[in-house]
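One structure is given here, and the rest of the page talks about it.
The values are calculated or read from the model by the stated rules, or taken from the named source; none is laboratory data. This is a predicted model, so every value here is computed, not measured. Neighbour counts are summed over all protein chains in view; Cβ atoms, including those assigned to glycine, are modelled from backbone coordinates with ideal geometry. We work out accessible area using only protein heavy atoms, side chains counted, and drop any ligands, DNA or RNA first. Shrake-Rupley method; radii C 1.70, N 1.55, O 1.52, S 1.80 Å.
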Amino acid sequence: MKAIKRKILIVSGKGGVGKSTMSSQLAMGIAHFGSKVGVLDVDICGPSLPKLFNCEDYQIVSQEWGWIPAISNGVSVMSVAFMLPNRDSPVIWRGPRKTNIIIRFLKDTYWGKLDYLLIDTPPGTSDEHLSTISSLKNVKVDGAVIVTTPQELALDTIRREITFCQKMNVTILGIVENMSGYVCPCCDEISDIFSTGGAEELANEFDIPFLGKVPLDPSVVQLCDTGKTIWETENQYSDSIKNIIDNIEIEINKIQ
């Protein structure tokens, strides 16, 4: 862990807000701009990063210096999905076993020297969050990025996520409003299919940085389903992700 410069939690108050997709696209974007990055999937019961990185068939290789992560789109990827017999196998584990595997992922994975490690957590405030923060206590988490969608229901759960981070002494780097508008595949015009601006208002209420908005783009959905990168061509989605990466860097530099 000490060979990793920056360790960032990606969190959300509820499921379905695109947190894992955001984790994958942030990681690919960071790699695209020249930094060394890894992503750890600690959503033990619902691992989705292998699908998003198109490395579902990878099996963990154990060598003398540790577990070797998969490499996809320039990103090192580690997930419990790599340990399952097949893609349809469920993970039916109690809390202590989930805690143990997270500790092993953090301590036994051979990441090498990284500029960033993004840790994709499950929704809410569960065992996985406590285990991750506790395991990283000695090397310090640089902060958390909170992902939400514009609807009031999603924003309501984010309040609890903010309180959790504050109680655990985890710096909140900022809030991302995902699915903020729909990009028309014909004219590229953005239409608000949900309400908009709620995440920014919430950030102002709690005096937390607002990192940016990301639209819902059908072409990006297709790329994510096949584990491909969005960075081959410039579009509104990639511009939004780049803006968020830049803002995360600004916030990290403020606290160092």
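Taking residue 76 as the residue in question, decide whether it is open to solvent by 10 Å² or more (accessible area, probe 1.4 Å), under 18 Å from residue 102 (Cβ atoms), touching a Phe, Trp or Tyr at 6+ places or on another chain (Cβ under 8 Å) and of a type in the set (Ser, Thr, Tyr). Yes.
Consider region 49-67. How many of its residues are touching a residue at least 40 places away in the same chain (Cβ under 8 Å), within 26 Å of residue 231 (Cα to Cα) and open to solvent by less than 40 Å² (accessible area, probe 1.4 Å)?
Step one: filter region 49-67 for residues touching a residue at least 40 places away in the same chain (Cβ under 8 Å), giving 49, 51-55, 63, 65-67.
Applying the additional criterion that residues be within 26 Å of residue 231 (Cα to Cα) yields 49, 51-55.
Add one more test, that the residue is open to solvent by less than 40 Å² (accessible area, probe 1.4 Å), and what stays is 49, 52-53, 55.
The total comes to 4.
Confirm whether residue 215 is surrounded by 17 or more Cβ atoms within 10 Å (Cβ to Cβ), more than 15 Å from the chain's Cα centre (by Cα) and not small (Gly, Ala, Ser). Against the criterion (surrounded by 17 or more Cβ atoms within 10 Å (Cβ to Cβ), more than 15 Å from the chain's Cα centre (by Cα) and not small (Gly, Ala, Ser)), residue 215 qualifies. Quickly run through region 153-193 and pick out the residues that are open to solvent by 20 Å² or more (accessible area, probe 1.4 Å), modelled with pLDDT of 90 or more and either among the hydroxyl-bearing types (Ser, Thr, Tyr) or in contact with a helix residue (DSSP H, G or I) (Cβ under 6 Å, 6 or more places away or on another chain) (or both). Within region 153-193, 163, 171, 172 qualify. Identify all residues within region 200-239 that are part of a loop (DSSP other than H, G, I, E, B) and either in contact (Cβ under 8 Å) with a residue 12 or more places away in the chain or of a type in the set (Lys, Arg) (or both); write none if there are none. Within region 200-239, 208, 209, 214, 215, 217, 226, 227, 228, 229, 230, 231, 235 qualify.
For residue 103, indicate whether it is more than 17 Å from the chain's Cα centre (by Cα), in a helix (DSSP H, G or I) and surrounded by fewer than 20 Cβ atoms within 10 Å (Cβ to Cβ). I'd like the intermediate steps shown before the answer.
Numbers: more than 17 Å from the chain's Cα centre (by Cα): yes; in a helix (DSSP H, G or I): yes; surrounded by fewer than 20 Cβ atoms within 10 Å (Cβ to Cβ): yes.
It is true that residue 103 is more than 17 Å from the chain's Cα centre (by Cα), in a helix (DSSP H, G or I) and surrounded by fewer than 20 Cβ atoms within 10 Å (Cβ to Cβ).
Taking the conditions (1) within 15 Å of residue 151 (Cα to Cα); (2) at pLDDT below 90; (3) touching a helix residue (DSSP H, G or I) at 6+ places or on another chain (Cβ under 8 Å) in turn, residue 227 satisfies each one other than (1). Cβ separations smaller than 6 Å between residues 6+ apart or across chains give the following pairs from region 141-155 residues that are over 24 Å from residue 252 (Cβ atoms) to residues that are hydroxyl-bearing (Ser, Thr, Tyr) and open to solvent by 20 Å² or more (accessible area, probe 1.4 Å): 150/195; 150/196. Taking region 2-28 as the range and being assigned to a helix (DSSP H, G or I) and under 9 Å from the mean Cα position of the chain (by Cα) as the test, the residues that pass are 19, 20, 21, 22, 23, 24, 25, 26, 27. Residues in region 109-127 that are open to solvent by 10 Å² or more (accessible area, probe 1.4 Å), in contact with a helix residue (DSSP H, G or I) (Cβ under 9 Å, 6 or more places away or on another chain) and not in a loop (DSSP other than H, G, I, E, B): 115, 116, 127.
Would you point out the residue of region 135-152, among those that are surrounded by 19 or more Cβ atoms within 10 Å (Cβ to Cβ) and over 25 Å from residue 101 (Cα atoms), that is nearest to the chain's Cα centre (by Cα)? Selected residue: 148.
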